[in-house]
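Laboratory data are not the source of any read-out in this text; all were calculated from the coordinates shown. These numbers come from a predicted model, not from an experiment. Neighbour counts are summed over all protein chains in view; Cβ atoms, including those assigned to glycine, are modelled from backbone coordinates with ideal geometry.
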Amino acid sequence: MKILNNIFMMFIFSLVVANMVWAGNNVYPSELGGLKKIRMIEGEKAIQSVMKLHRGAKITLKDAVVAEYGGNNGGKAIIWASMSETSKAAEDLIRRMNEKMPSSKMYRNFSSIKVNRCKIYSVDGMGMKNYYFVKDKWNYWLAVNAGNSRAVLNDFMNNLPDCKIPE
């Protein structure tokens, strides 16, 4: 019985650790689709950056990461990742964004695709191809102005296996 209890406690500990570091540096490699990482901010500064994008919407974030990539010929990609209090809160945020997209004057060509079992939403706007999705407690928004936006997305998704597909 003690062995089972120890195994169970190790399992719980590994889940906690995995959840705490999921959006850590391993998710943001030094290169995506030929673009090199040029800057990454985390914590409170990143939370403030994400909050600006939501223009005063009532959301609560526990953590955030912003990673910027650049390359030759002006290629650029930015990833905004935010951690909600719960998976349900993260899914609610995606739902709210999807409800606003059809009437958005900033974004057009709303569609969805699946990559690594994750439902990815896609919109064009602000001179970029934008992909966004939810994984566990994390929401991700990837904006790419490079002609190889799908390669950038695929490289990023290779760091996020087994995405949850919200119903």
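Observations
- Cα-Cα over 29 Å, subset of Lys37/Lys88; Lys100/Lys129; Lys36/Lys105; Lys36/Lys100; Lys62/Lys100; Lys76/Lys135: Lys37/Lys88; Lys36/Lys105; Lys36/Lys100
- Of all aspartates and glutamates in the structure, those lying under 14 Å Cα to Cα from Lys119, and not within fewer than 8 positions of it along the same chain, are Glu91, Asp136, Asp162, Glu167.
- Residue-count net charge about Ala143 - beta-carbon cut-off 9 Å; Lys, Arg +1, Asp, Glu -1: +2
- Environment charge at Leu35 (Cβ cut-off 10 Å; Lys +1, Arg +1, Asp -1, Glu -1): 0
- Rel. contact order, % - alpha carbon contacts under 8 angstrom, at least six apart, the range 24-102: 28 percent
- Here each label is just a point 7 Å from Cα along the line to Cβ, and for Arg55 and Asn98 those points are 2.2 nm apart.
- For the range 100-167 versus the range 67-97, the gap between their alpha-carbon centres in whole angstrom: 8 Å
- Modelled label reach - Met126, point 7 Å along Cα→Cβ, the range 46-70 residues with backbone N closer than 11 Å: 50-55
- Highest-first arrangement of 59-72, 94-107, 31-44, where packing means the average Cβ count within 10 Å: 59-72, 31-44, 94-107
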